[in-house]
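The values are calculated or read from the model by the stated rules, or taken from the named source; none is laboratory data. From a predicted model like this one, the values you see are computed outputs, not experimental measurements. A quick note on method: Cβ atoms are made from the backbone with ideal geometry, for glycine too, and the neighbour counts reach across all protein chains shown. Each accessible area value is taken on the protein alone, full model and side chains, heavy atoms only, with ligands, DNA and RNA left out. Shrake-Rupley method; radii C 1.70, N 1.55, O 1.52, S 1.80 Å.
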Amino acid sequence: MSTPDPGRVARPGPGERRDWPLWEVFVRARRGLSHVHVGSLHAPDATLALRNARDVYTRRQEGVSVWVVPASAITASSPDEKDPFFAPAGDKAYRHPTFYDVPDGVRQL
Amino acid sequence: MPETAELAERFEATLAADQRIEPRDWMPEGYRTTLIRQIAQHAHSEVIGMQPEGNWISRAPSLKRKAILVAKVQDEAGHGLYLYSAAETLGVSRAELTDLLHDGQQKYSSIFNYPTLTWADVGAIGWLVDGAAITNQIPLCRCSYGPYARAMVRVCKEESFHQRQGYEILYTLSHGSSRQKAMAQDALDRWYWPSLMMFGPPDAESTHSARSMAWRIKRLSNDELRQRFVDMIVPQAEALGLTLPDPQLTWNAERGHYDHGPIDWEEFTRVLRGHGPCNAARMEHKRRAHAEGAWVRDAAVAYAAKRSVEAVSVA
Ligand SMILES: [Fe+2]
Ligand SMILES: [Fe+2]
């Protein structure tokens, strides 16, 4: 690694930002559906992020609407997907219809 | 924060339940580095893989074939992007991965170090190279790492057109004039063995396979995948009226599979080590294209910065 190779691309110094900012991409597949996360891309600004998203994620009419969101603007629940944050929902089976007994013969309930 | 042992247990339990690992989950360092290496190599292959076919865009025999080839090559660029995007969820940057490729520290599939000498090669690549890639990628749709598996689902949806357009090119040639048929056969003669090598060394010699299988990154072994591929292409070659250049290729009724002849693993190693016909040209082209695009990337950043200053001063 120490011998300089003129064929190699010069690297910027440490701390210098190399990539364009990261954007998360959400696509609405068709009317009536929500936007769904499909992946990410890099772009210098929102306009180009949208254009790149169209080219990368909708080459086959996969969407009728695209959102791009700076990845840095997303706040997530916690560093771990399995999380006590969701524990409060765990012991409330009575929120689901299957919790309740329905007498035999009673319909449309 | 739970102890490492507890986190590791949770990780193993997630795998055992055949659930996906997501980016912010705890994962063993080896799992992370294995995935980064594999996804990056996969991404690099999609990107470098544009070169052999790109070579024929300007010389495609008709406007229709040209439009198809442009769309196919553009898809490969897209596949590279899906995969870089998946790799970045593991905490590496795109720029780092690009550097590692340019410095020769990360690899791409050896298949792209062979030249595309005639138009029939475009057909052979679509049928065999994309066909082998699909065989490899279908089980990866169930890979334990969520972002990689999801990228593979997108990729697989797009690949089937690649394989069909290649097959159609070869079918047209093999049912054309005797010279066209000879051209198709010649392409098949050159691409058959390298495409079998795409699945990697035999299971007995594959260094990382067992661990990747345990982590459910890999679902089927190299030899199993190769067998699937051979079983798929034999009848397809018959329909083309072309001969696979493998005199030992025979149906084994006992196994219910085709047996193929021995693969020249020395050639594989030679090409992998950089001594294939096009290794130097592929890397030279890639580095040059990246360097020549630098001003575009810089200009876009400068323009974005100027626009955001204007936006602030208006507000
Ligand atoms: Fe691809
Ligand atoms: Fe492809």
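Per-structure values
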item: Count of residues meeting criterion [part of a strand (DSSP E or B) and not small (Gly, Ala, Ser)] in region A:49-70; result: 5
item: Exclusive hit being without any contact (Cβ under 8 Å) to a residue 12 or more places away in the chain and within 12 Å of chain A (Cβ to nearest Cβ), set B:GLU22, B:GLU6, B:GLU76; result: B:GLU6
item: Some residue of region B:49-69 being touching a strand residue (DSSP E or B) at 6+ places or on another chain (Cβ under 8 Å), more than 15 Å from ligand 2 (Cβ to nearest atom), within 23 Å of B:TYR108 (Cβ to Cβ) and not basic (Lys, Arg); result: no
item: Tally, over region B:1-53, of residues that are buried (at least 18 other Cβ atoms within 10 Å of the Cβ) and among the hydroxyl-bearing types (Ser, Thr, Tyr); result: 4
item: Filter pass, B:CYS141 being open to solvent by 10 Å² or more (accessible area, probe 1.4 Å) and within 14 Å of another protein chain (Cβ to nearest Cβ); result: no
item: Looking only at region B:144-159, and only at residues there that are without any contact (Cβ under 8 Å) to a residue 40 or more places away in the chain and open to solvent by 60 Å² or more (accessible area, probe 1.4 Å), the one that is nearest to A:SER40 (Cα to Cα); result: B:VAL153
item: Residue tally, condition closer than 12 Å to A:ALA71 by Cα and in a strand (DSSP E or B), over region A:19-36; result: 5
item: Residues of region B:273-294 satisfying the condition of being open to solvent by 70 Å² or more (accessible area, probe 1.4 Å) and under 15 Å from B:MET197 (Cβ atoms); result: B:ARG273, B:HIS275, B:PRO277
item: Residue selected from region A:30-49 under the condition within 13 Å of chain B (Cβ to nearest Cβ) and within 15 Å of the chain's Cα centre (by Cα), by the criterion surrounded by the fewest Cβ atoms within 10 Å (Cβ to Cβ); result: A:VAL36
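Here is a yes/no grid of residues against (1) within 14 Å of ligand 2 (Cβ to nearest atom); (2) of a type in the set (A, V, I, L, M, F, W, C):
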| residue | (1), (2) |
| --- | --- |
| B:ILE125 | yes, yes |
| B:ILE134 | yes, yes |
| B:PRO147 | no, no |
| B:SER160 | yes, no |
| B:GLY166 | yes, no |
| B:SER177 | no, no |
| B:GLU205 | no, no |
| B:ARG216 | no, no |
| B:THR243 | no, no |
